[in-house]
Amino acid sequence: MEIIKTVLNGNHYRYSHLNCDNSDQTIIFLLGALQDIESVQSFSTHFATKMNCITIEVPGTGHTENLESTISIRDQATMLRDFIGYLGISSAHVIGFSYATAVAVELCSLWPNVQSMSICGGVPGIPSSGRLATKKMIAAAMNSPSSFAASFTESLTVNNADIPKNKAIIRATERNIKAMPQERIDVFFENSVRLLVHTPSNIEQITVPSTICVGEFDPYVTKETAEKFAKTLNNSHLVVIKNADHMVHLQHPDKVARAMLAQAEAQIVLHNQLINIT
């Protein structure tokens, strides 16, 4: 998979573009706070079996240059909109994990050509269930990679024997975070502060078909929080994945992939039906 680095209007982007020969539809895939294009390759590849998939690290995420938290999520979404225009994409389905939820929601407000939105493990801002945990993670990020790794997994996971590969995923996550360069941890720090003060724009005006996906036992974005967010959207569907926490994409990757694609596939079916009628 080729990863392309681009600078547009002074802002740095990384992205991959996987083509699907059987579709003229496009997915814009946005990532969580500690994710990068490499770590979600299996999802990008799976999405590309159905539609063209463009996986993007917007400025201030992934391996792009860090952005100070004085630059808002709305600003990040505006950068993303400009980049979509630069790529020549006229319309797209938007999929986002965790942190990217806030960016995706702002994009729906800024760009009228979002065809559907599917998000997993996030709401547009930090919920009350996650504010104290976020502050602890920010403090740990300023201490050491080991402290940050422990705080991150403690805040986002639960000890539940019914969750597949639970202990192994926690160990692997801590190991990966400890090995991260300070630059990646700094990116997390700034994005967390950015998210703490974020207020979403015009949620009541978003009408695109949306899927809100959450793990049953997520301690950070609880299913109650996800349900409340889903009810604020005019055209949304809540999916609760059993026996999962915030690491639901690692614990149940196939279920998450299907949930993320379902909304876009439904819109394609509807579009084809309308074409046949006319």
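The values are calculated or read from the model by the stated rules, or taken from the named source; none is laboratory data. Since we're looking at a predicted model, the values are computed, not measured. Positions of Cβ are generated from backbone atoms using ideal geometry, with glycine treated the same way; all protein chains shown enter the neighbour counts. Accessible surface areas use protein heavy atoms only, side chains included; no ligands, DNA or RNA. Shrake-Rupley method; radii C 1.70, N 1.55, O 1.52, S 1.80 Å.
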Of the conditions (1) over 21 Å from the mean Cα position of the chain (by Cα); (2) open to solvent by 50 Å² or more (accessible area, probe 1.4 Å), Pro112 satisfies every one except a single condition; which number is it? (1)
I'm trying to understand the selection: among the residues of region 81-121, which are of a type in the set (Val, Ile, Thr) and at pLDDT below 95? none
In region 223-278, what count of residues is obtained for those that are assigned to a loop (DSSP other than H, G, I, E, B) and either touching a Gly at 6+ places or on another chain (Cβ under 7 Å) or modelled with pLDDT of 95 or more (or both)? 7
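Test of understanding: among Thr222, Thr211, which residue is farther than 22 Å from Ile138 by Cα, of a type in the set (S, T, N, Q), touching a strand residue (DSSP E or B) at 6+ places or on another chain (Cβ under 9 Å) and buried (at least 16 other Cβ atoms within 10 Å of the Cβ)?
Thr211
Let's see how each residue does on (1) on the phi > 0 side of the Ramachandran plot; (2) of a type outside the set (Ser, Thr, Tyr); (3) surrounded by 16 or more Cβ atoms within 10 Å (Cβ to Cβ); (4) free of Cβ contacts under 8 Å to residues at least 60 places away in the same chain:
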site: His12; (1), (2), (3), (4): no, yes, yes, yes
site: Leu18; (1), (2), (3), (4): no, yes, yes, yes
site: Asp21; (1), (2), (3), (4): no, yes, no, yes
site: Ser42; (1), (2), (3), (4): no, no, no, no
site: Ala92; (1), (2), (3), (4): no, yes, yes, no
site: Ala102; (1), (2), (3), (4): no, yes, yes, no
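Can you give me the number of residues within region 74-104 that are in a helix (DSSP H, G or I) and either over 20 Å from Gly215 (Cα atoms) or hydroxyl-bearing (Ser, Thr, Tyr) (or both)?
Qualifying residue count for the region: 15.
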The number of residues in region 99-152 that are more than 24 Å from Phe43 (Cβ to Cβ) and of a type in the set (Val, Ile, Thr) is 2
For region 139-157, enumerate the residues that are at pLDDT below 95, open to solvent by less than 40 Å² (accessible area, probe 1.4 Å) and not in a helix (DSSP H, G or I). Ser144
Of residues in region 210-222 being touching a Lys or Arg at 6+ places or on another chain (Cβ under 9 Å) and part of a loop (DSSP other than H, G, I, E, B), the one farthest from Val158 (Cα to Cα): Glu216
Looking at region 166-177, can you tell me whether even one residue there is part of a helix (DSSP H, G or I), at pLDDT 95 or above, acidic (Asp, Glu) and within 21 Å of Tyr13 (Cα to Cα)? no
If the requirement is being under 27 Å from Leu110 (Cα atoms) and within 19 Å of the chain's Cα centre (by Cα), which of these qualifies: Thr173, Thr222, Thr199? Thr199
Select, from Asn191, Asn160, the only residue that is of a type outside the set (Val, Ile, Thr), open to solvent by less than 40 Å² (accessible area, probe 1.4 Å) and in a loop (DSSP other than H, G, I, E, B). Asn160
Residues of region 79-90 being open to solvent by 40 Å² or more (accessible area, probe 1.4 Å) and touching a helix residue (DSSP H, G or I) at 6+ places or on another chain (Cβ under 8 Å), which ones? Arg81
Residue pairs qualifying under the 8 Å Cβ cut-off, at least six apart or on distinct chains, with the first in region 57-83 being closer than 20 Å to Val40 by Cα and among the small types (Gly, Ala, Ser) and the second being outside any loop (DSSP other than H, G, I, E, B) and open to solvent by 10 Å² or more (accessible area, probe 1.4 Å), are Gly60/Glu190; Gly62/Arg14
For region 130-138, does any single residue satisfy the condition of being farther than 24 Å from Thr207 by Cβ, without any contact (Cβ under 8 Å) to a residue 60 or more places away in the chain, open to solvent by less than 10 Å² (accessible area, probe 1.4 Å) and touching a Cys at 6+ places or on another chain (Cβ under 9 Å)? no
